[in-house]
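The values are calculated or read from the model by the stated rules, or taken from the named source; none is laboratory data. As the structure is a computational prediction, the values presented were derived from the model and not from experiment. Please note: Cβ atoms are built from the backbone with ideal geometry, for glycine as well, and neighbour counts cover all protein chains shown. Please note that ligands, DNA and RNA were not included when accessible areas were found on the heavy atoms of the full protein model with its side chains. Shrake-Rupley method; radii C 1.70, N 1.55, O 1.52, S 1.80 Å.
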Amino acid sequence: QVHIVESGGGWVQPGGSLRLSCVVSGGDFSYTVIQWYRQASEGQREQVAVITQSGTSAYGDSVEGRFTVSRDNAKNTVYLQMNDLKPEDTAVYYCWQPVSDSWGQGTQVTVSA
């Protein structure tokens, strides 16, 4: 059974940075795609980034150029480096592994002055 835990969220001022971590236990992590989603308190869940088994990445339009996703297969971990954060980035950020349809509990990111 796959278990996912996100961490690294918190409060940051506009223009600041945070790095989120997504640790995946169970299954064969190195062969799976991982995706980051976010959901604001009054919004729909939005795809933020995806990283393939080989490390190829893609991003949502609203974060392109500011966020970077990476993975460390030795640590079963995917990272989301978020730079130049804006108030509209405020949301709960989730990690999803499509092959197992497993989600983490999410980590809150709040961007405000």
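Observations on the model:
- Of all residues in the range 17-33, those that are in contact with a His (Cβ under 8 Å, 6 or more places away or on another chain) and either open to solvent by 60 Å² or more (accessible area, probe 1.4 Å) or part of a strand (DSSP E or B) (or both) total 2.
- Sole exception among (1) open to solvent by 60 Å² or more (accessible area, probe 1.4 Å); (2) modelled with pLDDT of 95 or more; (3) polar (S, T, N, Q) for residue 1, by number: (2)
- Of the residues making up the range 54-70, those that are open to solvent by 40 Å² or more (accessible area, probe 1.4 Å) and closer than 18 Å to residue 8 by Cα are 68, 70.
- Applying a threshold of 7 Å to beta carbon distances and a minimum spacing of six or more residues, or different chains, the list of pairs starting in the range 40-68 at a residue that is over 19 Å from residue 99 (Cα atoms) and ending at one that is acidic (Asp, Glu) reads 60/46; 66/84.
- Any hit, the range 73-89, residues being among the small types (Gly, Ala, Ser) and at pLDDT 95 or above: no
- Among the residues of the range 61-78, none qualifies, meaning not one is in contact with a Lys or Arg (Cβ under 6 Å, 6 or more places away or on another chain) and of a type outside the set (A, V, I, L, M).
- Single condition residue 101 does not satisfy, out of (1) in contact (Cβ under 8 Å) with a residue 24 or more places away in the chain; (2) farther than 14 Å from residue 30 by Cα: (1)
- Count of the range 72-93 residues which are closer than 16 Å to residue 7 by Cα, outside any loop (DSSP other than H, G, I, E, B) and open to solvent by 40 Å² or more (accessible area, probe 1.4 Å): 3
- Residue 113 meets the conditions (1) open to solvent by less than 70 Å² (accessible area, probe 1.4 Å); (2) part of a loop (DSSP other than H, G, I, E, B); (3) among the hydrophobic types (A, V, I, L, M, F, W, C) in every case but one. The failed one is (1).
- One residue stands out in the range 94-110 among those that are in a loop (DSSP other than H, G, I, E, B) and small (Gly, Ala, Ser): the one that is most open to solvent (accessible area, probe 1.4 Å), namely 100.
- Residue in the range 34-52 that is part of a loop (DSSP other than H, G, I, E, B) and touching a helix residue (DSSP H, G or I) at 6+ places or on another chain (Cβ under 6 Å) present: no
- Any hit, the range 72-92, residues being small (Gly, Ala, Ser) and over 19 Å from residue 16 (Cα atoms): yes
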